[in-house]
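What follows is a set of notes on a single structure, which appears directly below.
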Amino acid sequence: MNKIYILRIKEVLIVLLVSLPLGYLIYSKQSEKIYYEMHYFGGKSVGVNFCNVYTPSVNPLLDVVGFSGLNKKLANTSLFSNRDYKVSLSFDSAVNKYSLIFTGNKKDIKVYQEVGSEIFEQILNFEEQNYRTVYSDIKLHCDKSDHALFKYIPGKIEKLDRHERRRFSKFHIFLNSISPFLILSLLLVAFKIVKGKKLLSLKNND
Amino acid sequence: MKINNEVKFKYAAILSVLFSIYLATFFYFNSYLPAPFVVNKYDTFMDFYNVFHWSLRDGIYTEWSSVYPPLNFLFANLFQYIFDLQDFSGGSGLLREGIGQQIIYLILIYIVCIIISINISSKEIFNRNEKIYYLVITLLSAPFLFAIERGNLIVLSLPFLCLYIKSNNSIRSSVYYSILVNLKPYFAIIYILNLINRNKNCDQILFLKLAPIFSLLIYIFSGLIINQEYYLTPANLIGFGTQSVLNVVDILALPSSIISFTYIFDVIPSIGRINLLNYIIYAILYSLILLSLVRIFKFGENSDNLSILAVLIITNFSIVTGGYGMLYFIPLVPMLFKEKLNNIITIIIFFLFLGIWDIIIIYYYDIGNTGVYLSGAIVKINQGITLGSIIRPASNFIILFLFYNKLKMNKYE
């Protein structure tokens, strides 16, 4: 019974030969996969101390609700719905930081950089729009004139932090690369078991 | 006076229809679904949307620590492809808001699964009327309605369970078993029972050889396709089993095991904890399961009885399977029908499936106002431990006890 599970050397070589091209293809595709991250500190609305009635303050231009609206707007654009890569945008309101993570291939880094810059331009525009809606008209009256309470400080796209990291661990790539060999071996063992059983029932019928 | 099974099915079907009318009326006047549905009324369909959300992104087994084998996510991907569903980044809640109306496709698939399951399992056993009544009972049963409200993928495993039970070819039964165990890993109990079974014929030995090979094949193949860290499933399963990740109030919503009684002390502090009672519950239940296993090992059983025992162990052993695990009794009823175990059939139909026991609330929770997904309202929820929360686990245990006694009476050479 135990011999059924053991593949002969000839069988192992044949399975290896058949599974090698597929295994190599999986290895080469998966080792190319990366995460490409871009981080951007958002713009601010800075409250200045006019007329000695207001303490200086620094406010991010989007909150969680505002970011949700931005995300929905961007999700419908061609920047986000692209076949060649996946992209996700998140926002850490505590530190006013946007994070873009592209999931794709190493060879497309330049594309991610261009798309990322475009997305951050749109964020910049959205923030400025938000400033104009919420903050720009707030004025204090003193010294016989009106003074805008808040000043707009835009985020700096030139200061984008970018880096890449491997998407799959070495173990994951290794396991997936040998999966065709494992699958074919299991199929061969199953075939031998079924064949063995059929031969046995033929023998018993004789 | 003995009542024949067709008449029993008819009365149970009528009661099921009355229960569904009660649910619809309650929802109309109160804007939420009452017990046996879970207390968190905003969590409707989220079992499905969580799986669907994660099937579209990285981190299934690393970030989410999923316990579902990769075949479940393949189904979610297939669902997306067939119904052309759009992804929404930002969480599974946002996904539900974006494609919520398309849940109707999943509900239709679930209904088809039940119809297929009943057709397979009751073929040449039920007459036409019995089939129709049984269909009404199961479609309007508490476990099925609960499974729909959760959006749980458990319903998909039912046709494969029926195919496995009905199959008399060991190659086909190995394939069906492999799909089952790749949908819900606790079906490994079927293999264990076959392994320890004393009376193994050639077909069962062939099943024991082929089943692990096909299971591994499907596991590796589906893992390769979804291309995520599927090999972490065993570690995640152990973590899920050892940590208390389930909400106590949800455990008591539709329990199937008497283990759930040990959680009652957590929600009714005025009773005072009686640890001895917990130990007694565990001791009685696990002793009965152990005796059944010893019986199989010493005397052996046929494959039908092994399947019935597997379902009884899965639904009794712990609270982890959830109340919708009682759906696995659907293919058992025709088998019990054939064996003329009418008392067990009566308990299943009238006490496990029927939802009317949940109309009676024994102890109310203090929940307050909460949002309800289905109606969009914010309402005060009046819910608690129901009579059903007591009757179902007790009935399931009684079924296990009665079945064990039936095994004791079997004589095999």
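For this structure, a couple of remarks:
- B:Leu56 vs. criteria touching an Asp or Glu at 6+ places or on another chain (Cβ under 9 Å), buried (at least 21 other Cβ atoms within 10 Å of the Cβ), at pLDDT below 90 and of a type outside the set (Phe, Trp, Tyr): no
- Tabulated pairs, the range B:221-237, first facing chain A (nearest Cβ under 8 Å), second surrounded by fewer than 18 Cβ atoms within 10 Å (Cβ to Cβ) and assigned to a loop (DSSP other than H, G, I, E, B), C-beta under 6 angstrom, 6+ apart or interchain: B:Glu229/B:Thr62
So that you can scan it fast, the table gives a plain yes or no per residue for (1) at pLDDT below 90; (2) more than 19 Å from the chain's Cα centre (by Cα); (3) not in a helix (DSSP H, G or I):
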position: B:Phe73; (1), (2), (3): no, no, no
position: B:Gln86; (1), (2), (3): yes, yes, yes
position: B:Gly90; (1), (2), (3): yes, yes, yes
position: B:Arg96; (1), (2), (3): yes, yes, no
position: B:Val112; (1), (2), (3): no, no, no
position: B:Ile116; (1), (2), (3): no, no, no
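Yes/no per residue for (1) surrounded by 15 or more Cβ atoms within 10 Å (Cβ to Cβ); (2) under 30 Å from A:Ile123 (Cα atoms); (3) in contact with a His (Cβ under 8 Å, 6 or more places away or on another chain); (4) more than 8 Å from chain B (Cβ to nearest Cβ):
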residue	(1), (2), (3), (4)
A:Tyr152	yes, yes, no, yes
A:His172	yes, no, no, no
A:Ser179	yes, no, no, no
A:Leu184	yes, no, no, yes
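- The single condition from (1) surrounded by fewer than 16 Cβ atoms within 10 Å (Cβ to Cβ); (2) touching a Leu at 6+ places or on another chain (Cβ under 8 Å) that A:Gln129 fails is (2).
- Verdict on B:Ser122 being at pLDDT 90 or above, in contact with an Asp or Glu (Cβ under 8 Å, 6 or more places away or on another chain), among the small types (Gly, Ala, Ser) and buried (at least 19 other Cβ atoms within 10 Å of the Cβ): yes
- Residue selected from the range B:382-413 under the condition buried (at least 19 other Cβ atoms within 10 Å of the Cβ) and modelled with pLDDT under 90, by the criterion farthest from B:Leu290 (Cα to Cα): B:Gln383
- Selection over the range B:339-359 of residues that are part of a loop (DSSP other than H, G, I, E, B) and either touching a strand residue (DSSP E or B) at 6+ places or on another chain (Cβ under 6 Å) or within 16 Å of B:Phe126 (Cβ to Cβ) (or both) gives a count of 3.
- Residue in the range A:103-118 that is within 14 Å of chain B (Cβ to nearest Cβ), touching a Ser or Thr at 6+ places or on another chain (Cβ under 7 Å) and modelled with pLDDT of 85 or more present: no
- The single condition from (1) of a type in the set (Asp, Glu); (2) part of a helix (DSSP H, G or I); (3) more than 14 Å from every other protein chain (Cβ to nearest Cβ) that B:Asp203 fails is (3).
- B:Ile218 falls short of the stated requirement of being more than 14 Å from every other protein chain (Cβ to nearest Cβ), part of a helix (DSSP H, G or I) and either of a type outside the set (Gly, Ala, Ser) or crowded, with 20+ Cβ neighbours inside 10 Å (or both).
The values are calculated or read from the model by the stated rules, or taken from the named source; none is laboratory data. All of these numbers come straight from a predicted model, not from anything done at the bench. Ideal geometry is used to build each Cβ from the backbone, glycine not excepted, and the neighbour counts take in all protein chains shown.
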